[in-house]
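Just so it is clear, none of the values below were taken in a lab; they were calculated from the coordinates. For clarity, every value in this text was computed on a predicted model and none was experimentally measured. Quick reminder, even Gly has a Cβ in these numbers, built from the backbone with ideal geometry, and neighbours come from all protein chains shown.
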Amino acid sequence: MKIEEKLSGEKIALRSYRSSDLDFVSGIWFDGENGKYLSDPEKEFIDEKFQRAVDGLEDSPLGYYFLAELKETGVPVGTCCAFPDDGGTAYDIGYCVHKSYWRKGLGRDIVTTLTNWIGSVGGKRVTAEAAKENEASCELLKKLGFEVLKEGSFNKYNMNVTYDSFIFIKIL
């Protein structure tokens, strides 16, 4: 799913993912440090099935994939995604900031821009899952008005790694 125009935040702009973004997103999602708390595997654990899924993100009918760029320069700094339910009233989101841009307020800007857009298209609630160990992400979501809905867990694809998690919710 795609959007036509960029979504504008305070410091960043979100645009629909393009296949030409693959090197950048692979570099953060599959990096052991940057992608540590994502369900995506580290590079050496990617199989053909997973690679096909990544190669098809630009035209995914399941949800929206975005690249986050600095507004002033267009430099890519992160990614995010939003998956609507059948009625478009609830969205599950994910986000990742390149480690060279950590602690600069960009995660806050990405999540705020994404949730504002979701509200503008009729979304009523947003969920996000974060590993309990990922204190920065858990604190960010709380600061942005998300509350813990329940506890869960997730696995990193094709790896023997499981994270206990919090599933957060925000009512818009």
R0 of 45 Å, Cβ-Cβ distance Asp164-Val75: FRET efficiency to nearest 0.05: 0.85
Express as a percent, rounded to the nearest 5, the fraction of DSSP beta bridges in the chain (both residues included) that run antiparallel. 90 percent
Compute the distance in nm between two label points, each set 7 Å from the Cα along the Cα-to-Cβ direction, one at Asp85 and one at Glu4. 2.8 nm
According to a simple spin-label model (label point 7 Å from Cα along Cα-to-Cβ), what is the distance in nm between Glu139 and Val54? 3.0 nm
Quick one: Cα centre-to-centre distance for region 38-54 and region 67-94, in angstrom? 20 Å
For the chain, what is the mean residue ellipticity at 222 nm derived from helices alone (per DSSP H run of n ≥ 4: -39500 (n - 2.57); sum divided by total residues; nearest 500 deg cm²/dmol)? -7000 deg cm²/dmol
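Rounded, prolate or oblate: which fits region 7-123, taking a ≥ b ≥ c as square roots of the Cα gyration tensor eigenvalues, rounded meaning a/c under 1.5, else prolate when a/b beats b/c? List each step's numbers first, then the result.
Numbers: a/c = 1.74, a/b = 1.15, b/c = 1.52.
Oblate, because a/c is 1.5 or more while a/b does not exceed b/c.
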Please name which of Gly63, His98, Tyr17 has its Cα lying farthest along the dipole of region 7-123 towards the positive end, using unit charges on Cβ (Lys, Arg +1; Asp, Glu -1) and the Cα centre as origin. His98
